[in-house]
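The structure appears below as structure tokens.
FYI, it's all coordinate maths here, none of it is from the lab. Remember, predicted model here, so these are calculated numbers, not experimental data. Neighbour counts are summed over all protein chains in view; Cβ atoms, including those assigned to glycine, are modelled from backbone coordinates with ideal geometry.
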């Protein structure tokens, strides 16, 4: 039943329904049922409503009811999903995660690393490390790898064996594809320091390296710092 039809029925039967002042809005389930029952009550006995017309209105009523129930179900599912995502995000504090980013952080002591992904087996995988100015400070041949995800590590030394200063470095990894080389997807690690909850269901993750991430940015969750929790891939 359309809004125009509803308005016509209210005028015809003199109904005072909650739908009377809401014809510019969608007709609700209660108003639909009230007007339809009034239509049956006031119909001319000599000219009863055609079966087809009545069944059509019943079908519309069922559709309206079904849509409302579906909307309620979707709202419940969304609320449940948001709650689960909130709980999961708080458990990430202190964990190492991998994100699709070519920038990695080198501490004053220790190494830096991450992972790379290959679409196909390659007989020659190479890695270049560049400083903030774009100068290549280390070139490494990693060897042969099958398709999939693999870890890499850089000891923080230059090609000349000198210890590089702490800071951010860019890593690029290429894999031989016949006579050519193609770029591999690089994943570098971040440590989650805190979680912020914005308006609605918006959640952001602040990293020790200064990045602001969303849950969708995380490709792998590794064990918490100082724990033995298993990693989770996404």
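The table below lists the values:
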{"read-out": "The stretch 96-226, relative contact order in percent, only Cα pairs under 8 angstrom and at least six apart counted", "value": "34"}
{"read-out": "Residues in the stretch 182-217 that a label on residue 153 would reach, taking backbone N under 16 Å of a point 7 Å out along Cα→Cβ", "value": "189"}
{"read-out": "Distance between modelled label sites at residue 124 and residue 160, nm, 7 Å Cα→Cβ extension", "value": "2.7"}
{"read-out": "Overall Cα dimensions of the stretch 106-230, principal axis frame, Å, largest first", "value": "51, 34, 31"}
